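See structure below.
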There are 2 protein chains.
Amino acid sequence: MIATTPSPPYYAVIFTSVRTDIDDGYGDMALRMVELAHEQPGFLGVESARNEQTDGALGITVSYWESLESIRAWRQQAEHQIAQQTGRERWYETYKTRICKVERDYGFEQ
Amino acid sequence: MIATTPSPPYYAVIFTSVRTDIDDGYGDMALRMVELAHEQPGFLGVESARNEQTDGALGITVSYWESLESIRAWRQQAEHQIAQQTGRERWYETYKTRICKVERDYGFEQ
């Protein structure tokens with residue numbers, strides 16, 4: 001689902017990752033993190049997609065936030081910190097996180 | 001592949017879309033647009049992922065750019081304009097484009 005976000009400015013966290021082939025709780029963690037994010041102050045929405053294994057298994061998750069403060073609080077949320085740590089130890093080959101200010105947006109619907 | 005981008009600030013275009021079930025040249029167009037983008041002044045890189053049909057077929061493409069001017073020029077590139085038009089007529093159920101300034105980034109590698 002495309003996230004329903006307010007008029008800019010707001011903030012986006014682009015999290016691009018390549019997975020290892022270790023599953024070991026990854027799916028449960030991913031669902032739990034989305035659930036938790038929804039409870040965070042300033043959370044606006046999230047979009048996520050991952051290619052099939054054959055395509056390098058690249059995944060992109062973009063979460064949207066009201067402010068840099070709300071992003072900082074989410075990064076430091078206790079259960080999320082454990083997931084980040086486990087991610088580095090187990091689930092991710094590599095990742096990059098980009099913190100952005102959304103300045104303009106526009107859309108299309110059939 | 002995760003895009004190799006310079007130190008912030010730089011710009012990102014987050015293009016989130018849901019496809020129709022019409023294929024009709026979509027794959028060729030997508031490849032051609034990536035090829036064309038690489039030739040544009042100010043282009044820094046692109047990342048793309050799409051879920052399987054069962055998962056709502058959400059796709060996310062993030063392209064990275066040096067400046068708002070380079071994004072504007074890409075949006076107006078002639079062949080890209082035809083692709084945008086055909087996308088609305090044929091390939092996309094809905095999409096959203098968000099223009100962002102990347103303010104900070106950090107990464108991890110095994």
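Numbers at a glance
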read-out	value
Sum of side-chain charges, B:Ile14 neighbourhood, beta-carbon under 13 Å (Lys, Arg +1; Asp, Glu -1)	+2
Cα principal axis extents for the protein assembly as shown, largest first, Å	49, 33, 32
Length-normalised contact order for chain B - Cα pairs under 8 Å, 6+ apart - percent	46 percent
Span-rule helices in chain A, defined as complete DSSP H runs reaching 18 Å or more along the axis (Cα) with Kyte mean at least -1.0	A:26-39
Dipole of the range B:23-102 [Lys/Arg +1, Asp/Glu -1 at C-beta], most positive-end residue of B:Ala78, B:Thr97, B:Ile60	B:Thr97
Normalised alpha carbon radius of gyration of the range A:7-56 [divisor 2.2 N^0.38 Å]	1.39
Sequence-distant residues sharing a close amide H with B:Glu93 (under 5 Å, placed H)	B:Val18, B:Arg19, B:Thr20
Chain A: translational diffusion in µm²/s, Stokes-Einstein, Kirkwood Rh over Cα pairs, 4 °C, 1.567 mPa s	87 µm²/s
Accessible area expressed per residue, the range B:23-102, with surrounding protein chains retained (probe 1.4 Å, Å²)	51 Å²
Protein-only accessible surface order, largest first, of A:Arg90, B:Arg104, A:Arg98 at 1.4 Å	B:Arg104, A:Arg90, A:Arg98
Area hidden from solvent between A and B (accessible, protein heavy atoms only, 1.4 Å, total, Å²)	4100 Å²
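The values are calculated or read from the model by the stated rules, or taken from the named source; none is laboratory data. A quick note: this is a predicted structure, and the numbers were derived from the prediction, not measured. Neighbour counts run over all protein chains shown; Cβ positions are idealised from the backbone, glycine included. The area values use the complete protein model at the heavy-atom level, side chains included, leaving out ligands, DNA and RNA. Shrake-Rupley method; radii C 1.70, N 1.55, O 1.52, S 1.80 Å.
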